[in-house]
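Below is one structure, written out as structure tokens, with a few remarks after it.
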Amino acid sequence: MECTEKLEKKNRATLKKHTAAIHCSNSQTLLQRKISNVLLYHAYHNLLDKEEHEISVPLLCKLIGYSGNNHPAIKQALKELISTVLEWNLTDDNTGEEEWNACSALASVKLKGPTCTYSYSKSLRELMHNPSMYGQVGIVVQARFRSSYGLALYENCARYSELKSTKWFDIEIFRKLMGVPDTKYKAFRDFKRRVLDKAVEEVNAHSDLIVSPEIHRVGRKVDKIRFSLRMRAKKKALGASSPIEPKENDIDDVKDILIKEYGVKGEVANDLLRKYGANYISQKINIVCELDIFKQGKVRSIAALLIDAIKNDYAEETSSHNLSIKLTQKRQVDIERKTKLRLEYDKYLIEEIISNFKGINEVEQNLIEQEYLDLLNKDYREKPILVGYRHSGIKSDVIKDHFVNYLRNNHKVLTKSLVSFDQYLLLNELEGVE
């Protein structure tokens, strides 16, 4: 399976986004917001070490949930991010003095073939990499949004997800956070109907948050707004005293709970309902909700636990202790799987780099090969490699590995668009679970 084809399984991929960037005044479109988040997510671990970052356009499109072939629209959105001004305020913890900041969302961008190269300003790189507080933006979650208002509300609520509500926002500041120009929807009733209600509906439909607006008025005028928050039942139930009970015999209701509350994929939910029936699955949902390991929040994948409970017929007397042993064994399997993936990743790198090498014109190939031979000739320790290469090229694994390492170190253009091992792990993380 191609790396990019596995992204739909990555419902735990999150971007730690600085709240100054989330709570900033800007009017990004939906496409710009999605692209901006994905670019930052992709570059995050190398933000301070590298001035420029690269991502393949197909991977970018996959991560933002963009299935069209209108790449000029992507190009235009990238161009507009350079002229999009982000502005925010930071407060000095010692002096209390407020500092106003502004910069462009992207400093530069370049598209060459399937590769997008981009950069950030130095101040934005430093701000984004070492934030004092984070907002968790789900990369896969954001791909589901269909309006910039919905995504903006999700971003501004996500940082408060561990609390019962957001802070109170001054209504004029909140309008800016949502990207609403001063000239539009001046009357609150229009703002509520055209912006607020639709954004709330979209967040509640597509994210792991359930939000509800609370309005504060001075007289008849709205001056502040905040949002009460709760996680969807699959997370809320971690501390719940009672299980979630679907309606008996209601297949649609059980399916809805499997998908929306426990993160089970739609086709898997259909398959489970066909094999086991709604009543049986309802019983297993209740049993899982009563497990101590579930209530204490020690389950890494609730969907995987529930599927295991259904397939292995968990009973009411299922011991959390025995289940803990089982999960420990599963973690050992995960370690072994990670080792296997490391070997697969190394193989992937070799195949892709060799493929890229063979994809360049013959003249460039000859120049690189001659350069490689010259390097081998200069070091007597490389004589066995030199003899083997002259005899049979890169047919042997040892010589192929040596040649690929040379290409990686001396011709980095051939490694463009290759995913890192961390990204490879992410792309394979939940394969086969849901």
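Bear in mind that the values in this text are calculations on the coordinates, not laboratory data. If you're wondering where the values come from, they're calculated on a predicted model, not measured in any experiment. Note that we place each Cβ from the backbone using ideal geometry, even for glycine, and neighbour counts take in every protein chain shown.
Table for the structure above
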read-out	value
Ordering of 373-380, 307-314 by packing [mean C-beta count within 10 Å, highest first]	307-314, 373-380
Pairwise FRET efficiency - Tyr348 versus Asp197, Cβ, R0 = 51 Å, nearest 0.05	0.65
Protection-proxy order for peptides 207-218, 149-160, each taking the mean of Cβ atoms within 10 Å per residue, highest first	149-160, 207-218
Entries of Lys34/Lys184; Lys79/Lys122; Lys192/Lys265; Lys110/Lys164; Lys50/Lys184 with Cα pairs more than 31 Å apart	Lys192/Lys265; Lys110/Lys164; Lys50/Lys184
Amide H contacts of Thr115 (H built 1.01 Å from N, under 5 Å, at least 5 apart or other chain)	Val57
Added length on full extension, which subtracts the Cα-Cα distance from 0.36 nm per residue, Val218 to Ala315	29.3 nm
